[in-house]
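Asks: Questions regarding the structure given below will be posed in turn.
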Amino acid sequence: MDPPPECDDVEQRLFVRPEVFASQMADLAHRGFKSLRLGEFLDAGERSVLITFDDAYSHVAPNVTPILAKFGFSAVMFVPAAYMGRRNEWDSDKHPRLAALEIASAERICSMREGPWEIASHGWRHVDLRVVQVEERRLELGRAREALSGLMGKAVEAFAYPFGLSDEDVRADVRKAGFSLGFGATPGSSRDPYALPRHQINSGDSLRMFRMKTSGWFERLHRVRRLTPGWARTSVRAVVNGRFAGE
């Protein structure tokens, strides 16, 4: 989908055009990647990828489903259950263009289970769970899982932390709510099933950068970056951006 007019830089980065997404999926297929289901994720081998989308915007499935089907891939949609059939209200203060976007209805979410999609939870109200009172947080997690499990007719097992943010207490409550997987929103490496990393793909990523993010090199670079002084991180980032941007 093309970004709405007057998007700021943050908003622009979130919109990947269908033809760009198609080229990325074609590249994965050409490189011999297998698309994983959630139940396969923890035992994933080389040349495998879990494709995920957050927030359940209504425009995503119509644009993405044919592309996934073309290459025999599947994907996960993380749904903020309270907003089904409404709009993105959690970004209304900072990102009004995002706040204008429609969230898929319960009917559309339900229909997606017939295609190459798995449905998982992105919380109830899409709030930073670290700052929510314990009892309220546990209520929201349980309510979100119950609503989506009822809609799907089976237990929803995976959770993506709203804004990618969690701490030890949040992860413990996600486990207690019955989820078996918890995903963040940053790259890295973790054996904790409730602190799983993800690589964000942005609108400005060239195909060369996409290949880097879907290779082992990106995780190694991220680990090095965390252990490197700030001045050196800036230099590395400049080199990476200069090497890959626009290619």
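Asks: For n ≥ 4 DSSP H runs only, could you compute -39500 (n - 2.57) per run for the chain, divide by its residues and tell me the 222 nm figure to the nearest 500?
Replies: -12000 deg cm²/dmol
Asks: Here is a further query. Among Lys34/Lys70; Lys176/Lys213; Lys34/Lys176, which pairs are too far apart, with a Cα-Cα distance over 25 Å?
Replies: Lys176/Lys213; Lys34/Lys176
Asks: Give me Rg/Rg_expected for region 9-203, where Rg uses Cα atoms only and Rg_expected = 2.2 N^0.38 Å with N residues.
Replies: 0.98
Asks: Less than 11 Å Cβ to Cβ from Met77, Lys/Arg counted +1 and Asp/Glu -1: what total charge do the surrounding residues give?
Replies: For residues surrounding Met77, the net value is -1.
Asks: Enumerate by residue number the trypsin sites (Lys or Arg not before Pro) in region 7-88 meeting two conditions: DSSP loop (anything except H, G, I, E, B), and at most 13 other Cβ atoms within 10 Å of the site's Cβ.
Replies: Values: sites: Arg13, Arg31, Lys34, Arg37, Arg47, Lys70, Arg86, Arg87; in loops: Arg31, Arg37, Arg47, Arg86.
Those that pass, being in a loop and sparsely packed, are Arg31, Arg37, Arg47, Arg86.
Asks: Moving on. How big is the gap, in Å, between the Cα center of region 1-60 and the Cα center of region 74-134?
Replies: Here the answer is 16 Å between Cα centres.
Asks: Among residues other than Ala99 whose Cβ falls under 11 Å from its Cβ, what is the net charge (Lys/Arg +1, Asp/Glu -1)?
Replies: Neighbourhood net charge equals -1.
Asks: At a threshold of 8 angstrom on Cα-Cα distance, excluding pairs fewer than six apart, so keeping six or more, what relative contact order does the chain reach in percent?
Replies: 15 percent
Asks: If amide hydrogens are placed 1.01 Å from N in the peptide plane, which non-local residues have theirs closer than 5 Å to the one on Glu118?
Replies: Amide H neighbours of Glu118, under 5 Å, 5+ apart: Ala75, Val76, Met77.
FYI, it's all coordinate maths here, none of it is from the lab. All figures in this text were calculated on a predicted structure; none of them were measured in a lab. FYI the Cβ positions are ideal-geometry reconstructions off the backbone, even for glycines, and counts take in every protein chain you see.
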